[in-house]
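To keep things clear, I will list the structure first and then write my remarks on it.
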Amino acid sequence: MQRLQRLVQAPFTLVFPALVILLAVFGIPTIQLFLESVNAPNFSLQNYTSFLGQYANIKVLFQTLEISAIVTLVCLLIGYPTAYLISTAGKRARIVLVVLVVIPYLTSALARTYSWIVILGDNGLINSILMDVGLISNPKPLIYNRIAVYIGMVHIMLPMMILPLVSVMMGINTSLIAAAKSMGARKSTAFWRVYFPLSISGVRSGSLLVFVICLGFYITPAALGGLGDAMLSTFIASQVATGFNMGSVSASSFVLLAITIVLLSIFGLNLSGGQDPAPKVRKRWPERAGILQMIRTYLNELSVASRAKRWPVELYQATDDLGLSCFAAPAFLTIVILFLLFPEIVVIVMSFSDGATLQFPPTALSLRWYVSFFSDFSWYGAAWVSVKIGLWVTFLSTIVGTLAAYGLSRVRSDLRSTITMVVLTPITIPVIVVAVASYFGLANLGLIGTETGIILAHAIGAISYVVVIVAATLANFDRRLEQAALSMGARPLKTFIRVTLPLIRPGILGGALFAFIHSFDEVVSTSLVSGYSVRTLPLKMWENIRNEIDPTVAAVASLLTLLPILWMIVLYVTWWRARAPLGAPLDVQA
């Protein structure tokens, strides 16, 4: 009996339910997919040679890498200065700016893609304005090309680049820059030699996260791009939809997965947002060339006199200014925030249009398209299915993910790192690979075309989000409180319920909200697993966007845009209630 009790209380036992779901829905099917790709049991590379032997496949593969690399570079060029300005802003301004970045991050990617269709379309906002002012006589082709794909993907991925950078930059001690400047370093030198190396872990995590997720983009390139802008995920999805040649689909998926694994192995992914303990200083190529080093040293010697005169003047100037003028920095930040929020604002305004087509600004305001949504069963029925599936996914992933995070916080650090990477796999590899593996696994279980199958397909990603958020909360948890309760005779379960659970409740609730949003917005896995017999709201929206532009979609997109604001309010109320007893008078607590 005591052995059974110890086994139940063992940390690894708490991780076991998450691993079982992950292995059944994703892990074992992935191994089976690999065996299919190599034609087991005969074992040959025929599927891979067939894939790599076709010029069209190679072109799509390189096109996928090119689009992902350009989107990542643009996100980094925009996101780095944005994150720097946010991290160096005042406390209240920083909170507001982070919220403005988080809101589009939590908004449905499908709704954001639709907003760009509305803005860039032939009858969209930009063409309408240009024609009204007389600059053009016919609509310009702003959509269904590569530029539209870049704009849509950058808009979706930019918050994912900014948030890890802000997390890392918040931990940088800016007095180090002041110390460098006080020793005669220029502003640019202090930045490149002190600040930038300390922020490189955020650059690496943000860039890797954006690039890997871009590899699996499916909806945005298909909605905004032309026939020549297809990515490998689109190619795989079309294979599944048309013929489903398992060998060909498996080989295509594993080519994409192999690229992801190689990148993760080389660069690593630090989801904790921490800094490298000791950043390595690498020599640049001019420093390795002797003659160039001599020239550089000579030029530095020439500037010593002027720098010596300037040093006493600049010694006591503001230390956190890296050269951005008072006008340029707010202007840049305003443009970036407008880029993130303006498309959603346009769709919300246009959703109140009274006309038969979407107009901006509307000639008359009405709730016509909201009434259309709530009076059409195909719309509100799909929404109700999404809500039901989202609640079940939230219930399952919150319990399983919290247990897993609690168990991982109590195992050895080396084992914790390995298991954590396994649990986080569904959100660190391209979503189309996860969708194909889930389809294969759920087909083995006979769950294709069922709500249970969709719940399990969504749960493997939702569990990962819950583990990340609850584990971050547990990292700051003082375990001496548990030890004190145990030393006073409390049982482990009672200690967890009465001590641990109340203190990590905000993290659990945050994980639950992310799990619900992940499920409610999921469309790639759902499109494969649903088998066209279960219709969720994102699927209904995607079909409507592809086949017809019903203005009712604008009302749905507006509701999905307002949803994260509701989540933010819930999170704030939860955080406020969690903090309230700490600041309350003792007599009130009593």
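The values are calculated or read from the model by the stated rules, or taken from the named source; none is laboratory data. The structure displayed is predicted, hence computed values, not measured ones. Here the Cβ is made from the backbone with ideal geometry for all residues, glycine too, and neighbour counts use every protein chain on show. The area values use the complete protein model at the heavy-atom level, side chains included, leaving out ligands, DNA and RNA. Shrake-Rupley method; radii C 1.70, N 1.55, O 1.52, S 1.80 Å.
See the values below:
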{"quantity": "Listing of helices (runs of 4 or more DSSP H) fully contained in region 382-446 that carry 1 or more residues being open to solvent by less than 10 Å² (accessible area, probe 1.4 Å) and more than 17 Å from Ala462 (Cβ to Cβ)", "calculated": "431-444"}
{"quantity": "Any hit, region 503-513, residues being outside any helix (DSSP H, G or I), surrounded by fewer than 17 Cβ atoms within 10 Å (Cβ to Cβ) and of a type in the set (Lys, Arg)", "calculated": "no"}
{"quantity": "Among residues of region 122-168, those that are open to solvent by 10 Å² or more (accessible area, probe 1.4 Å) and either at pLDDT below 90 or outside any helix (DSSP H, G or I) (or both), counted", "calculated": "27"}
{"quantity": "Any hit, region 534-545, residues being open to solvent by 40 Å² or more (accessible area, probe 1.4 Å), in a loop (DSSP other than H, G, I, E, B) and in contact (Cβ under 8 Å) with a residue 12 or more places away in the chain", "calculated": "yes"}
{"quantity": "Top-ranked residue of region 218-227 - restricted to ones that are open to solvent by less than 50 Å² (accessible area, probe 1.4 Å) and part of a helix (DSSP H, G or I), ranked as farthest from Tyr144 (Cα to Cα)", "calculated": "Ile219"}
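This table checks each residue for (1) within 27 Å of Leu208 (Cα to Cα); (2) more than 24 Å from the chain's Cα centre (by Cα); (3) open to solvent by less than 40 Å² (accessible area, probe 1.4 Å).
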position: Ile28; (1), (2), (3): yes, yes, no
position: Ile31; (1), (2), (3): yes, yes, no
position: Phe43; (1), (2), (3): no, yes, no
position: Val98; (1), (2), (3): yes, no, no
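Residue-wise test of (1) closer than 30 Å to Ser44 by Cβ; (2) at pLDDT 85 or above; (3) not charged (D, E, K, R).
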residue: Arg186; (1), (2), (3): no, no, no
residue: Leu198; (1), (2), (3): no, yes, yes
residue: Ser201; (1), (2), (3): no, no, yes
residue: Leu208; (1), (2), (3): no, yes, yes
residue: Tyr218; (1), (2), (3): yes, no, yes
residue: Thr234; (1), (2), (3): yes, no, yes
residue: Thr242; (1), (2), (3): yes, no, yes
residue: Ser265; (1), (2), (3): yes, no, yes
residue: Ser272; (1), (2), (3): no, no, yes
